Amino acid sequence: MNNKKILIVDDDPDVRRGLQVRLKANHYETLFASDGITTIAEARKHQPDLIILDLGLPAGDGFAVMDLLSSNDALSVIPIIVVSGRDRFANRDKALQAGACAFFQKPVDNHSLVATIRKVLGQRRVVADAFVHDLGEISS
Amino acid sequence: METERIRNQQVQLNDEFLSHVSHELRSPLAAIYEFVSIVSDGIAGEVNAEQAEYLQIATRNVLQLRSMIDDLLDVTRVQGGKLRVEPRCISVPDVAAEAISFCRSSAAAREIALTFDASAGLPRAYADPRRIRQIIVNLISNAIKFTPAKGQVKVHAGIYEKNPNFLSIEVMDTGFGLSEESSRHVFERLYQVPDSQAARKGLGLGLYICKELVCRHGGEIWVRTRLGEGSTFCFTVPIFSLAALIAPMFRDATKRAEPVALFVVRMRPESGWATEEAREEASLDTRNFLQRCLPPSLDVLLPEMGPTGSGDVMFLLAARANEAEAAVMSRRICEQFSINEPLARSGLTFAISHRVLATAPHEDREPTEEFVNRMAARMQECIDNITRPGSDRDEQ
């Protein structure tokens with residue numbers, strides 16, 4: 001058991017249930033929300049390790065949720081993976097700009113999703129300043 | 001005028017409708033896919049061989065439905081002029097092999113022999129690997145659909161005999177073939193072969209999308225067929241040519257003597273790539289980002305040049321710049337990298353370095369084409385040195 005908590009946000013109960021079963025099988029603890037407002041409340045209350053977020057939500061869509069999360073110091077550190085039925089070409093870049101660390105389009109390849117979750121949860125946070133190393137001249 | 005306005009309005013309405021419908025179809029499909037895969041992965045208990053087979057059939061059909069939805073969306077993109085291709089330096093046999101392994105189970109289900117062969121020493125193509133895979137999958141799926149059980153589908157890649165600057169990819173089947181009338185219309189949107197004997201006709205969008213995608217690569221697509229004698233669908237893609245890509249940099253012959261700087265940006269994940277798809281997406285994001293860093297002059301972002309020997313992805317930029325200018329450019333790209341939020345969150349490390357190549361022409365009157373070829377060869381040599389396995393040993 002690795003005790004990592006994942007908040008699953010989707011307005012479709014079947015999608016939430018499916019993700020719950022899949023994540024439980026991978027030994028993650030799951031929490032749920034089906035709208036924007038509840039998502040923020042649940043995130044505050046439980047401080048999850050990761051949020052899986054749908055974009056089309058009642059009471060504050062996915063982008064509004066990311067906005068609210070990123071403006072709160074304690075919540076802005078929670079990594080977000082967007083899983084949406086919306087067109088990836090129109091929404092992927094927008095979601096990444098808004099703070100998501102990955103975008104998946106429904107239906108999701110579960111093995112890639114689990115691999116990405118594992119990677120995001122295992123990853124150290126990157127310090128922006130130490131980001132680019134100049135190697136100088138390349139040998140030729 | 002009025003009728004045209006109404007027509008345009010209708011087209012837009014159709015597109016909005018299609019885009020909405022395809023989005024709405026995805027949610028229930030996602031739930032079906034999720035639960036079928038939960039059962040078939042054995043999460044809900046052990047699955048016996050017979051159950052596994054049935055689940056495989058369900059999965060195959062879900063994926064087919066998904067590709068139809070993708071087609072619908074692609075069509076709305078074509079209409080809106082938003083169908084994008086991202087050409088890179090790719091191996092067509094590698095991409096074809098992926099397409100074939102994707103189609104393997106549906107060919108096996110109809111006992112159709114699916115084979116692939118490529119001419120030896122085929123040069124790389126300049127094309128979008130995902131889109132080429134999509135085209136080949138589409139052509140193979142069609143071939144399987146219109147070929148009777150125990151038939152054959154052969155895929156072949158070679159140099160295009162009528163134009164050696166292109167590769168041709170052929171998908172040949174032993175199916176029913178098409179009438180002359182049908183073969184003229186088969187690439188049109190929503191066209192259906194009349195009295196088709198295929199069990200399922202599909203949406204009539206696949207070949208239309210293939211044609212649009214091939215056109216956006218600068219290639220052509222056509223069919224050779226006769227009723228009762230099977231069909232061969234062929235398309236062409238340009239062969240990758242460094243000289244063609246860098247030629248615009250040297251259009252102004254008076255500036256030939258100015259040096260060329262080659263920038264190398266290496267991208268490295270902190271702990272390997274989660275999936276091959278994650279690698280492709282990160283590469284695409286970084287490419288788009290680098291493209292935006294370039295001044296809109298004569299600088300060129302070169303496509304991926306093949307494996308680096310490690311898990312790194314390498315990006316190459318060529319610009320007309322001397323040592324001092326190149327150093328400034330290098331710093332500017334570094335700055336841009338550090339202030340880009342999604343990249344900063346991506347857990348990737350970037351390293352940038354550059355090398356300045358002198359361009360001293362052999363003689364003043366050297367024809368432009370020869371000069372460009374010579375520069376391309378010089379640049380290729382430099383790139384080979386950089387991308388050679390082990391050449392990154394000096395990295396910390």
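The values are calculated or read from the model by the stated rules, or taken from the named source; none is laboratory data. Worth saying up front: this structure is predicted, and the values here are computed from it rather than measured. Glycine also receives a Cβ, built like all others from the backbone with ideal geometry; neighbour counts cover every protein chain displayed.
For residues in segment A:29-58 being aliphatic (A, V, I, L, M) and over 15 Å from residue A:12 (Cβ atoms), which is surrounded by the fewest Cβ atoms within 10 Å (Cβ to Cβ)? Break it down stepwise before answering.
Going through segment A:29-58, the residues aliphatic (A, V, I, L, M) turn out to be A:31, A:33, A:37, A:40-41, A:43, A:50-53, A:55, A:57.
Keeping just the survivors that are over 15 Å from residue A:12 (Cβ atoms) gives A:31, A:37, A:40-41, A:43, A:50-51.
Values: A:31: 17, A:37: 15, A:40: 19, A:41: 12, A:43: 23, A:50: 20, A:51: 26.
This residue is A:41.
Within segment A:1-89, which helices (runs of 4 or more DSSP H) (wholly inside it) include 2 or more residues that are within 14 Å of chain B (Cβ to nearest Cβ) and of a type outside the set (S, T, N, Q)?
Working: elements: A:13-25, A:36-46, A:62-70, A:73-76.
Output list reads A:13-25, A:62-70.
So residue B:81 fits all but one of (1) within 10 Å of chain A (Cβ to nearest Cβ); (2) closer than 30 Å to residue B:244 by Cβ; (3) not in a helix (DSSP H, G or I); what number is the exception?
Only one criterion is unmet by residue B:81, namely (1).
Enumerate the strands (runs of 3 or more DSSP E) found wholly within segment B:113-160, keeping only those where 1 or more residues are in contact with a Leu (Cβ under 8 Å, 6 or more places away or on another chain).
Numbers: elements: B:113-118, B:125-127, B:152-159.
By residue number, B:125-127, B:152-159.
Considering only residues that are among the small types (Gly, Ala, Ser), at the interface with chain A (Cβ under 9 Å from one of its Cβ atoms) and surrounded by 17 or more Cβ atoms within 10 Å (Cβ to Cβ), which ones fall in segment B:32-71?
Hit for segment B:32-71 is B:37, nothing else.
Kindly provide the set of residues from segment B:344-363 that are at pLDDT 80 or above and either facing chain A (nearest Cβ under 7 Å) or in contact with an Asp or Glu (Cβ under 9 Å, 6 or more places away or on another chain) (or both), ordered by number.
So the first thing to find is which residues in segment B:344-363 are at pLDDT 80 or above, and the list is B:348-358.
Once the filter is applied, which keeps residues that are at pLDDT 80 or above and either facing chain A (nearest Cβ under 7 Å) or in contact with an Asp or Glu (Cβ under 9 Å, 6 or more places away or on another chain) (or both), segment B:344-363 yields B:348, B:349, B:350, B:351, B:352, B:353, B:354, B:355, B:356.
One residue is enough: does segment B:230-242 have a residue meeting the conditions farther than 25 Å from residue B:147 by Cβ, without any contact (Cβ under 8 Å) to a residue 24 or more places away in the chain and part of a helix (DSSP H, G or I)?
Step one: of segment B:230-242, the residues farther than 25 Å from residue B:147 by Cβ are B:238-242.
Imposing the further condition that a residue be without any contact (Cβ under 8 Å) to a residue 24 or more places away in the chain reduces the set to none.
No: segment B:230-242 contains no residue that is farther than 25 Å from residue B:147 by Cβ, without any contact (Cβ under 8 Å) to a residue 24 or more places away in the chain and part of a helix (DSSP H, G or I).
Suppose we keep only residues that are within 16 Å of residue B:268 (Cβ to Cβ) and not in a helix (DSSP H, G or I) within segment B:331-359. Which one would you say is farthest from the chain's Cα centre (by Cα)?
Selected residue: B:353.
Return yes when residue B:95 is in a helix (DSSP H, G or I), β-branched (Val, Ile, Thr) and within 30 Å of residue B:148 (Cα to Cα) and no when it is not. Steps first, please.
Numbers: in a helix (DSSP H, G or I): yes; β-branched (Val, Ile, Thr): yes; within 30 Å of residue B:148 (Cα to Cα): yes.
Taking the combined requirement at face value, the residue satisfies it.
Quick test of your reading of the structure: residue B:225 fulfils all but one of (1) at pLDDT 85 or above; (2) under 21 Å from the mean Cα position of the chain (by Cα). Name the failing condition by number.
Evaluating residue B:225 over (1) at pLDDT 85 or above; (2) under 21 Å from the mean Cα position of the chain (by Cα) leaves (2) as the failure.
Does segment B:1-23 include one or more residues that are hydrophobic (A, V, I, L, M, F, W, C), free of Cβ contacts under 8 Å to residues at least 24 places away in the same chain and within 12 Å of chain A (Cβ to nearest Cβ)? First the steps, then the outcome.
Taking segment B:1-23 as the starting set, the residues that turn out to be hydrophobic (A, V, I, L, M, F, W, C) are B:1, B:6, B:11, B:13, B:17-18, B:21.
Still in the running and free of Cβ contacts under 8 Å to residues at least 24 places away in the same chain: B:1, B:6, B:13, B:17.
Subset that is within 12 Å of chain A (Cβ to nearest Cβ): none.
Checked against the condition, which is being hydrophobic (A, V, I, L, M, F, W, C), free of Cβ contacts under 8 Å to residues at least 24 places away in the same chain and within 12 Å of chain A (Cβ to nearest Cβ), segment B:1-23 yields no hits at all.
Give me the pairs, please: first residue somewhere in segment B:97-125 and within 13 Å of residue B:141 (Cα to Cα), second residue anywhere and charged (D, E, K, R) and part of a helix (DSSP H, G or I), beta-carbon distance under 6 Å, and either six or more positions apart or on two chains.
Listed by first residue and then by second, the contacts come to B:99/B:133.
Hey, any hits in segment B:172-192 for a residue that's buried (at least 16 other Cβ atoms within 10 Å of the Cβ), touching a residue at least 40 places away in the same chain (Cβ under 8 Å) and at positive phi?
Yes, segment B:172-192 contains at least one residue that is buried (at least 16 other Cβ atoms within 10 Å of the Cβ), touching a residue at least 40 places away in the same chain (Cβ under 8 Å) and at positive phi.
For segment B:104-112, indicate whether the set of residues that are of a type in the set (Ser, Thr, Tyr), more than 14 Å from chain A (Cβ to nearest Cβ) and in contact with a helix residue (DSSP H, G or I) (Cβ under 8 Å, 6 or more places away or on another chain) is non-empty.
Narrowing segment B:104-112 to residues of a type in the set (Ser, Thr, Tyr): B:105-106.
Next, only the ones that are more than 14 Å from chain A (Cβ to nearest Cβ) stay: B:105-106.
Within this subset, residues satisfying the condition of being in contact with a helix residue (DSSP H, G or I) (Cβ under 8 Å, 6 or more places away or on another chain) are B:105-106.
Looking through segment B:104-112, at least one residue is of a type in the set (Ser, Thr, Tyr), more than 14 Å from chain A (Cβ to nearest Cβ) and in contact with a helix residue (DSSP H, G or I) (Cβ under 8 Å, 6 or more places away or on another chain).
What single numbered condition from (1) more than 13 Å from every other protein chain (Cβ to nearest Cβ); (2) under 19 Å from residue A:84 (Cα atoms) fails to hold for residue B:74?
(1)
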